[in-house]
Amino acid sequence: MGYCFTDLTTACQDDWRAYIEHDFVRQLGTATLPEDAFRHYLKQDYLFLIHFARAYALAAYKSPTLADLRQAHEGMKAIVDVELGLHIGFCREWGISEAELATLPEARATMAYTRYVLDTGSRGDLLDLHVALAPCLVGYGEIANWLNAQNTTVRGGDNAYDAWIAMYEGEEFQAAMRAELEWLNTRLADVTPARFAELTKIFRGATRLEIDFWQMGLDLTD
């Protein structure tokens, strides 16, 4: 019997729940997150998106098939041509100019996470890279869904962060998440127990670095 993505989250259950249900996420949902914490996160997330695009470029290089190459191309194109523009506009609404974004120093949590992903992809194969990226692409969709399942989550005009939740609960992002899960499940189904153990180690490392990224925002650390 083959593996699937939920086997990764089950194997890393404590870390996965600590990421999905982090205090940053909880406070974002209850509209109690300090605005400075959200601004700090937004700035660093802009830098993360740039490295995310680089990771898709690496995925293109690592692609063994035309279908994988097309997927990597579309992913990078979506980030560079669409998502970064939307993020810049979102930052502008929070008083963060594009000029400020262009000169931002990377926080240590940002460097640790992005370089981990790129290093994992450089050393390993395409599946290693996708597993390292999964806590972001799949995790953000799950976080939005988890927030919507909580009776403490405030929606609409009473929550300054409602647009953030709406972005990741939206059909475009949820469809991307489902497509990534399908890709991962197809490839995980064929791995051996020893290979799954390697992938679990990668997934756990990336998830812990996502936890650190939330904590960086909450603590305003550089």
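The values are calculated or read from the model by the stated rules, or taken from the named source; none is laboratory data. The shown structure was predicted, so the numbers you read here are calculated from the model rather than taken from an experiment. Quick reminder, even Gly has a Cβ in these numbers, built from the backbone with ideal geometry, and neighbours come from all protein chains shown.
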Under the condition of being of a type in the set (S, T, N, Q) and in a helix (DSSP H, G or I), which residue from the range 44-98 is nearest to Trp214 (Cα to Cα)? Gln44
Could you figure out which of (1) under 30 Å from Asn159 (Cβ atoms); (2) in contact with a Gly (Cβ under 8 Å, 6 or more places away or on another chain) isn't true of Tyr116? (1)
Out of Ile88, Ile143, Ile96, Ile79, which single residue is touching a Leu at 6+ places or on another chain (Cβ under 8 Å) and farther than 15 Å from Phe48 by Cα? Ile96
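Quick check on the range 99-113. Is at least one of its residues of a type in the set (D, E, K, R), surrounded by 14 or more Cβ atoms within 10 Å (Cβ to Cβ) and in a helix (DSSP H, G or I)?
no
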Looking at Thr10 and the list (1) modelled with pLDDT of 95 or more; (2) within 15 Å of Val138 (Cβ to Cβ); (3) buried (at least 17 other Cβ atoms within 10 Å of the Cβ), which single condition is not satisfied? (3)
Residues that are closer than 20 Å to Arg39 by Cα, at pLDDT 95 or above, assigned to a helix (DSSP H, G or I) and within 17 Å of the chain's Cα centre (by Cα): does the range 114-121 have at least one? yes
Tell me whether the range 127-148 contains one or more residues that are farther than 26 Å from Ile20 by Cβ, touching a residue at least 24 places away in the same chain (Cβ under 8 Å) and polar (S, T, N, Q). no
Of the residues that sit in the range 38-72 and are more than 18 Å from the chain's Cα centre (by Cα) and among the aliphatic types (A, V, I, L, M), which one is farthest from Tyr140 (Cα to Cα)? Leu66
Would you pick out the residues in the range 195-210 that are in contact with a Pro (Cβ under 9 Å, 6 or more places away or on another chain) and among the aliphatic types (A, V, I, L, M)? Ala206, Leu209
Expected output for the range 177-195 (first residue over 17 Å from Gly139 (Cβ atoms), partner surrounded by fewer than 17 Cβ atoms within 10 Å (Cβ to Cβ) and at pLDDT below 95, Cβ below 9 Å, 6+ apart or cross-chain) is Ala189/Met1; Ala189/Gly2; Asp190/Gly2; Val191/Gly2
Selection from the range 172-197 of residues in a loop (DSSP other than H, G, I, E, B) and either in contact with a strand residue (DSSP E or B) (Cβ under 7 Å, 6 or more places away or on another chain) or exposed (fewer than 15 other Cβ atoms within 10 Å of the Cβ) (or both) yields Ala189, Asp190, Thr192
Scan the range 123-155 for residues that are more than 19 Å from the chain's Cα centre (by Cα), farther than 24 Å from Glu172 by Cα and part of a helix (DSSP H, G or I) and jot them down. Arg123
